[in-house]
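Read the structure below first, then the notes.
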Amino acid sequence: MGMKCVQCQTDNILSDRIRNSGRCKRCNHPFVFEPNTVTDKKLAFTDPFFKNAIEDISSQNMLFFTPKQFLYLIDQRLKNRTSSNLWNWILGYLVQSFFLVNFGGIFISSIFSDTAGFLIVWTVFNIIWIRGFFANSQSTEQSVRSRKINATNLQTLGIIILVTGISGSLIFNYFPGYIAASALGLFSYWLSISQKKRPQITGEIFLVNQAQSDKWLRDWQTVNGTLEKLLPAPRQEALPASIDREVSAYSFDRAIICDSDEIAQFLIANNVHFENNCAILSISGYPQSIFNTVIEMLRRNADLKVYALHNASPGGVGLVHQLRTNPEWFANQAVTIFDLGISPRQILATRDMFVQQSQTMAQTARQLPDAVRQGLTAEELAWLEAGNFVELESFTPQRLLRVVNYGLAQSVDSQGNEGLILVDDNVGYGGGYVFVSDSFG
């Protein structure tokens, strides 16, 4: 297997890498990854593959990203890479079919009649292919994209079985073959249609874990230098930062409140607060050094607009309620709140998100306060109580920033914007409005 050096672009085959102790034969730059020594081939990749992932998630080193955002991206790329290319698997299917059916048919024919032997081998062969595509279209180890590809492959396989099987049966005037080809082909086609129509299969699991992803990032930086756009873990500063009195005398017209420190740090690092003239805080009080000062500044603005940005989880859906009722936030204040998401209704409206499942999440969902449950539909509650959840960090920096900027733009005319739904105009916590976006990016 050849691998290009990320330093000089020279292609090094395996013997070159072994001869030079894992270094480029031209510039002597070390290779970080060696796919041929990886036991699990699903996790085998090259240095250019990893470099492209870093460049893409950072938009060519322009956007900051969290370690978990990178985990999601590398996990999805490794999963999608295992999806069979249409023409490759068709060619493989036809070649295998020719050799296995012919040689296997000759062997089986020694037990049964000549024609029946070939039919048995051909039938078993196709059942194995159908079973493989169907299993992958349901597997939680596959990404949503891979599941869709495997469902489409089932449809294509059904057509191939119908065309080749019926044609061969007519040529040899063999009626049992015609019946078998029709049954298998139509069954494969029907499975494909049913898989495409069924609701999104939840409970996708990671192919890569966080510890493995972090180790890859550390190894990469050891050889290729520090990744400037990779964010460290958020740090809470115990001592308050000094803010000029003239600055603190002003207020913000808008504030984004996140349900995690990581997302708040991500938005601040990517200058969302500067570009939109808004405060950014987390519900746990990040950044701690300026938290109390910023809260005081926000409360001075009678026209303040608050934007809740959270995971689609029991804790996330309760963020707006917490902002409205907690005295440390905006209890008894007439504040307009925009729920940017992610809400379960947004997940249910699409099929391309990384949906996980957890018994802990299921138990937490069943304990949601009545005030939060009343703001959710029966379908949303059922989704949460099944343990489903989606994390904001499953979205790339580009998409997440686009969602935030789009939500801020929508709120300019909240009453006349069809993309925002007024879900609560009499909350009983001091007045105000709550709007929910009907889509997520």
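Of the helices (runs of 4 or more DSSP H) lying entirely inside the stretch 304-419, those containing at least 1 residues that are farther than 28 Å from Ser146 by Cα and touching a residue at least 40 places away in the same chain (Cβ under 8 Å) span 314-317, 319-325, 359-366, 370-373, 397-410.
So that you can scan it fast, the table gives a plain yes or no per residue for (1) in contact with a Lys or Arg (Cβ under 8 Å, 6 or more places away or on another chain); (2) among the acidic types (Asp, Glu); (3) loosely packed, with under 12 Cβ neighbours inside 10 Å; (4) without any contact (Cβ under 8 Å) to a residue 60 or more places away in the chain:
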| residue | (1), (2), (3), (4) |
| --- | --- |
| Arg17 | yes, no, no, yes |
| Ser21 | no, no, yes, yes |
| Thr39 | no, no, yes, yes |
| Ala44 | no, no, no, yes |
| Phe50 | no, no, no, no |
| Ala53 | yes, no, no, yes |
| Trp87 | no, no, yes, yes |
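Residues in the stretch 5-14 that are more than 20 Å from Lys41 (Cβ to Cβ) and without any contact (Cβ under 8 Å) to a residue 60 or more places away in the chain: Cys5, Gln7, Cys8, Gln9, Thr10, Asp11. Could you pull out the residue among Leu230, Leu154, Leu170, Leu217 that is of a type outside the set (S, T, N, Q) and over 25 Å from Asp75 (Cα atoms)? Leu170 is the lone residue from the list that is of a type outside the set (S, T, N, Q) and over 25 Å from Asp75 (Cα atoms). Against the list (1) modelled with pLDDT under 85; (2) part of a helix (DSSP H, G or I); (3) buried (at least 17 other Cβ atoms within 10 Å of the Cβ), the condition Phe98 fails is (3). Scanning the stretch 23-49 for residues that are of a type in the set (Phe, Trp, Tyr) and not in a loop (DSSP other than H, G, I, E, B) yields one hit, Phe49. Each residue in the stretch 154-212 was checked for being surrounded by fewer than 19 Cβ atoms within 10 Å (Cβ to Cβ), touching a residue at least 60 places away in the same chain (Cβ under 8 Å) and among the small types (Gly, Ala, Ser), and 1 of them qualify.
Mind counting the residues in the stretch 297-332 that are under 15 Å from Leu281 (Cβ atoms) and touching a helix residue (DSSP H, G or I) at 6+ places or on another chain (Cβ under 8 Å)? Walk me through it before giving the result.
So the first thing to find is which residues in the stretch 297-332 are under 15 Å from Leu281 (Cβ atoms), and the list is 297-299, 301, 304-310, 319-320, 322-323, 326, 328-330.
From what is left, the residues that are touching a helix residue (DSSP H, G or I) at 6+ places or on another chain (Cβ under 8 Å) are 297, 304-310, 328-330.
Number of matching residues: 11.
Out of Phe187, Phe206, Phe175, one residue alone is among the aromatic types (Phe, Trp, Tyr) and within 30 Å of Gly387 (Cα to Cα). It is Phe206.
Please determine whether any residue of the stretch 4-11 is at pLDDT 95 or above, crowded, with 20+ Cβ neighbours inside 10 Å and part of a helix (DSSP H, G or I). Taking every residue of the stretch 4-11 in turn, none turns out to be at pLDDT 95 or above, crowded, with 20+ Cβ neighbours inside 10 Å and part of a helix (DSSP H, G or I).
The values are calculated or read from the model by the stated rules, or taken from the named source; none is laboratory data. Here the structure is a predicted model, which means the values were calculated and not measured. Virtual Cβ from ideal backbone geometry, glycine too; neighbours counted across all protein chains shown.
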